[in-house]
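Bear in mind that the values in this text are calculations on the coordinates, not laboratory data. Computed from a predicted structure; not experimentally measured. Cβ atoms come from the backbone with ideal geometry, glycine included; neighbour counts cover every protein chain shown.
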Amino acid sequence: MPEMPEVEAVCRRLREEAEGCLVSRARVLRAGMASGDVETACSGARLERVERRGKNIFLHFSGDVILHVHLRMTGNLYVVPDHRLLVSTVRAVFELSDGRGIVFEDPRALGRMALVETLPELGWEPLDPGFTVAVLAGLAKGSKREAKVFLMDQGKVAGLGNIYAAEALFRAGIDPRRAMGTLGKARLARLHGAIVMVMSGAVETVYEEWGRPGNFVEAERERLQVYGREGEGCRVCGRGVLRLAQGGRSTYFCGFCQR
DNA sequence: TCGATCCTGTAG
DNA sequence: CTACAGGATCGA
């Protein structure tokens, strides 16, 4: 489910609904998905702050407890009205003192939680004003990695995943196989603009559509130019959208518009 | 830099 | 049945 826009939506909603709430009891329902004694650390603690960095969520609890949550492919974190009513894919639940619950649901069970002392070093937030063309150029300089793989490196730019890396490259007209370090100034500027545009648009769309009738992912999907559209016509030139494998993931692109 | 791995679900 | 899935990490 989540790329950075979905993670941001999760965090915003969590802030609205559960920030400041007391966790009477924390339960880890799937052993191995959490590192550290989460049940002991979070039981009786108050959720003071919800922070997002890239696709990572940091739940700050009273007592200097920091819980690092990563939703991976199919995780979700949301508030339910009754913590006793849980579906089978719930991996952890934070029972709130008012009877509600913060639930970590994850069908594929790839998501993880970990108690941490400090926040890990991550790459730039694409929507941070400090993330400029010059910053991107500095990161790209000398890199021989393929542009798509580079963009998905969370240590460079944090939050771009398989969908939005492809979308940004399409909008910038850059071939995803192109070595990052060979991009000229003009192309880097286009790429930077595309990243900011794609991510800011996605954040707002995903958040607005959250919880609406129908699937909020579908609304965002309609905005996508290339992702998941193999064989369909490019929205700009009409030629077929291509798919290739990079780093074990599918990359969608237009062979004509992206060079 | 590749492939395997962690898991389950769904589409073909 | 196989292929693939919006992620990340590990070892070769």
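Given a cut-off of under 8 Å on Cα pairs at least six residues apart, what relative contact order in percent is computed for chain A? Please list the in-between numbers first.
Details: 530 pairs, mean separation 42.9, N = 259.
Computed value for chain A: 17 percent relative contact order.
Arrange the peptides A:119-125, A:96-102 so that the one whose residues have, on average, the most other Cβ atoms within 10 Å appears first.
Highest-to-lowest ranking by the protection proxy: A:96-102, A:119-125.
Please sort A:65-71, A:164-170 by packing, taking for each peptide the average over its residues of neighbouring beta carbons within 10 angstrom, highest first.
Answer by packing, highest mean first, reads A:164-170, A:65-71.
What FRET efficiency comes out for A:Ser43 versus A:Leu122 if R0 is 35 angstrom and r is the Cβ-Cβ distance? Round to the nearest 0.05.
So the FRET efficiency works out to roughly 0.75.
Once fully extended, how much extra length lies between A:Thr182 and A:Arg235, figured as 0.36 nm per residue of separation less the alpha-carbon to alpha-carbon distance? Present the calculation step by step, with values, prior to reporting the outcome.
Details: separation 53, 0.36 × 53 = 19.08 nm, distance 2.68 nm.
Once the chain is fully extended between A:Thr182 and A:Arg235, it gains 16.4 nm.
Based on Cα coordinates alone, diagonalise the gyration tensor for region A:4-116, multiply each eigenvalue by 5, take square roots, and list the semi-axes in whole Å, largest first. Mind dumping the intermediate values first?
Working: eigenvalues 59, 50, 42 Å².
Equivalent ellipsoid of region A:4-116: 17, 16, 15 Å, largest first.
In chain A, which helices (entire DSSP H runs) extend 30 Å or more along their own long axis, judged by Cα positions, while averaging at least -1.0 on the Kyte-Doolittle scale?
Membrane-span-like by this criterion, though nothing is claimed about a membrane: A:185-209.
Calculate how large, on average over all directions, the projected area of the Cα convex hull of region A:48-93 is; give the answer in nm² to one decimal.
Its Cα hull, projected and averaged over all orientations, spans 4.0 nm².
What translational diffusion coefficient, in µm²/s and rounded to a whole number, does the Stokes-Einstein relation yield for chain A at 4 °C and a viscosity of 1.567 mPa s, taking the hydrodynamic radius as the Kirkwood radius over Cα pairs? Mind showing how you got there, number by number?
Details: Rh = 19.5 Å.
My calculation gives 67 µm²/s for D.
What is the ratio of the Cα radius of gyration of region A:91-151 to 2.2 N^0.38 Å, where N is its residue count, to two decimals?
So the Cα radius of gyration is 1.79 times the expected 2.2 N^0.38 Å.
Normalised by the number of residues in region A:46-124, what is the relative contact order in percent for Cα pairs under 8 Å and 6+ residues apart?
Averaging sequence separation for qualifying contacts and normalising by length gives 30 percent for region A:46-124.
Taking the alpha carbon gyration tensor of region A:133-253, what are the square roots of 5 times its eigenvalues, largest first, to the nearest whole Å? Intermediate values should be presented prior to the final figure.
Details: eigenvalues 118, 60, 33 Å².
Each semi-axis is √(5λ); the values are 24, 17, 13 Å.
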